[in-house]
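Report on the structure given below.
The values are calculated or read from the model by the stated rules, or taken from the named source; none is laboratory data. It should be emphasised that the depicted structure is a prediction, and the values quoted were computed from it without experimental measurement. No Cβ is skipped: glycine too gets one built from the backbone with ideal geometry, and neighbour counts run over all protein chains shown.
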Amino acid sequence: MFCIGFTKKRDRQVKRTCYAQSSQIRQIRRKMVEIMVNQASSCDLKELVAKLIP
């Protein structure tokens, strides 16, 4: 499986760009992989495809 995440500007942020720090990226990636593994292991392939492609 493949997943992509995006950062979001905060309220009243002046800068046009918004980047996450390396430690934040690792935490986010760890949580995303954990959720994907839990979702994928709790159902069969047909149900997983239905979850990914609604």
Cβ pairs under 7 Å, 6+ apart or interchain, first in segment 4-27 and within 28 Å of L52 (Cα to Cα), second loosely packed, with under 10 Cβ neighbours inside 10 Å, ordered by first then second residue, are T7/Y19; C18/K8
Criterion violated by K31 - all others in (1) at pLDDT below 95; (2) at negative phi satisfied:
(1)
Answer yes if at least one residue in segment 14-28 is in contact with a Lys or Arg (Cβ under 8 Å, 6 or more places away or on another chain), modelled with pLDDT under 95 and surrounded by 10 or more Cβ atoms within 10 Å (Cβ to Cβ), and no otherwise.
yes
Go through segment 1-30 and give me each residue that's in a helix (DSSP H, G or I) and either of a type in the set (D, E, K, R) or within 11 Å of the chain's Cα centre (by Cα) (or both).
I25, R26, Q27, I28, R29, R30
Looking at this structure, is A40 within 27 Å of I53 (Cβ to Cβ) and small (G, A, S)?
yes
Tell me, please, whether a residue that is out of contact with any Ser or Thr (no Cβ under 8 Å at 6 or more places or on another chain), in a loop (DSSP other than H, G, I, E, B) and in contact (Cβ under 8 Å) with a residue 12 or more places away in the chain can be found in segment 31-41.
no
